[in-house]
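Here's the structure, in structure tokens; my notes come after.
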Amino acid sequence: MSQALRIVFAGTPEFAASHLAALINSPHHLVGVYSQPDRPAGRGHKVSMSPVKQLALQHDIPVFQPKTLRDAEAQAELAALKPDLLVVVAYGLILPQAVLDIPRLGCINSHASLLPRWRGAAPIQRAIEAGDVESGVTVMQMEAGLDTGPMLLKVSTPISAEDTGGSLHDRLAELGPPAVLQAIDGLAAGRLRGEVQDDAQATYAHKLNKDEARIDWQRPAADLALQVRAFTPWPICHSQLGDTVVKIWVARAENHAHSAAPGTVLAAEREGLLIACGTHALRVSHLQLPGGKALAVADLLNSRREQLAPGQVLA
């Protein structure tokens, strides 16, 4: 390592907290942490601290939670910390140019995709949903655009046929922190230069919402299998079965020819429900019924065989 830097960290969720932990354990000086304001969360809507804030407080690092970084007071507060570098990971607030100009070495961001593919809020899930064969983390120098800055470092990982949004998230959360530390050392030594992104290759990863997790059985089974994997463990694909909303946790596409209406249960077997799609069929092996936990269909058939019988139609 070249030299210890004065670093300010900005991030909010678990993915960011893994990066903060690596910085805490590095020789660099963490002089402040920024995180989104505390918000209600969970069924009880209890106000809770972000994972990043919790970790920072455990290590007695000053925490700042401005609603915006666009006003002069918030910018002066950051400038007073005299950071050499601002490290940003899934912070959730726009950084105006006045903020980007404060640190001596600028601002870097760890983004969970192989830029310029999947700029935006949900790169992990969109990569799986699109059927990408690989993902990774890009450490970039930040500029005013959304994930458009010069790329400093990339690490990649294959996306397996079993990967879900959750498993890929966890793997990237392990790959990102050492990449950030390597990039920081390169910047401090003056030996790292950014590669300009090709905007023509850019795709945008829209934020996830629960509405798009409703299964459209008219779609091909292969597309729905990717959607189920991408949206696990949130927002979880779901469908209406009579008066009940069922959540689909594990599914795979099968090349099963049929003439049934999309959404029709073709077979209810121990290996799962076979459900007609616009093209071929989806084998659903794990379901969650209201008030219960996700279970293998083999277990659900013991008590819900009639509800899950062939001929039933999911809307």
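The values are calculated or read from the model by the stated rules, or taken from the named source; none is laboratory data. As the structure is a prediction and not an experimental result, all values here were calculated from the model. So basically every Cβ, Gly included, is an ideal-geometry build from the backbone, and we count neighbours across all protein chains shown.
Could you list, in sequence order, the residues of segment 144-183 that are hydroxyl-bearing (Ser, Thr, Tyr), over 15 Å from residue 122 (Cα atoms) and touching a residue at least 12 places away in the same chain (Cβ under 8 Å)? Across segment 144-183, the qualifying residues are 148, 156, 157. Just one residue in the set 128, 184 is surrounded by 19 or more Cβ atoms within 10 Å (Cβ to Cβ), within 22 Å of residue 20 (Cα to Cα) and at pLDDT 95 or above; that residue is 184. For segment 205-238, the set of residues classified as aromatic (Phe, Trp, Tyr) and either surrounded by 16 or more Cβ atoms within 10 Å (Cβ to Cβ) or in the same structural domain as residue 147 (by TED's automatic domain parsing) (or both) consists of 217, 231, listed by residue number.
The residues listed here are 245, 284, 250, 265; of these, the one that is more than 29 Å from residue 159 (Cβ to Cβ), in a strand (DSSP E or B) and not polar (S, T, N, Q) is 265. Exactly one residue among 70, 104 is over 26 Å from the mean Cα position of the chain (by Cα), surrounded by fewer than 21 Cβ atoms within 10 Å (Cβ to Cβ) and either in a helix (DSSP H, G or I) or basic (Lys, Arg) (or both), and that residue is 104. Given the structure, is residue 37 over 19 Å from residue 85 (Cβ atoms) and either out of contact with any Leu (no Cβ under 6 Å at 6 or more places or on another chain) or in contact (Cβ under 8 Å) with a residue 24 or more places away in the chain (or both)? For residue 37, the condition - over 19 Å from residue 85 (Cβ atoms) and either out of contact with any Leu (no Cβ under 6 Å at 6 or more places or on another chain) or in contact (Cβ under 8 Å) with a residue 24 or more places away in the chain (or both) - is met. Checked against (1) closer than 30 Å to residue 141 by Cβ; (2) among the charged types (D, E, K, R); (3) in contact (Cβ under 8 Å) with a residue 24 or more places away in the chain, residue 210 meets all criteria but (1).
When 19, 59 are checked against the criterion of being within 18 Å of residue 153 (Cβ to Cβ) and either at pLDDT 95 or above or among the acidic types (Asp, Glu) (or both), 19 stands alone in meeting it.
All conditions but one from (1) under 23 Å from residue 182 (Cβ atoms); (2) over 25 Å from the mean Cα position of the chain (by Cα) apply to residue 24; the one that does not is (2).
For segment 156-168, the tally of residues that are within 23 Å of residue 22 (Cα to Cα) and buried (at least 18 other Cβ atoms within 10 Å of the Cβ) stands at 2. Could you tell me whether any residue of segment 195-202 is farther than 15 Å from residue 123 by Cα, assigned to a loop (DSSP other than H, G, I, E, B), in the same structural domain as residue 16 (by TED's automatic domain parsing) and not hydrophobic (A, V, I, L, M, F, W, C)? Yes, some residue in segment 195-202 is farther than 15 Å from residue 123 by Cα, assigned to a loop (DSSP other than H, G, I, E, B), in the same structural domain as residue 16 (by TED's automatic domain parsing) and not hydrophobic (A, V, I, L, M, F, W, C). Scan segment 144-172 for residues that are in contact with a helix residue (DSSP H, G or I) (Cβ under 7 Å, 6 or more places away or on another chain) and part of a loop (DSSP other than H, G, I, E, B) and the total you get is 4. All of (1) in contact (Cβ under 8 Å) with a residue 40 or more places away in the chain; (2) out of contact with any helix residue (DSSP H, G or I) (no Cβ under 9 Å at 6 or more places or on another chain) hold for residue 43 with one exception: (1).
For segment 232-252, taking the residues that are free of Cβ contacts under 8 Å to residues at least 60 places away in the same chain and of a type outside the set (A, V, I, L, M, F, W, C), the one that is farthest from residue 170 (Cα to Cα) is identified as 243.
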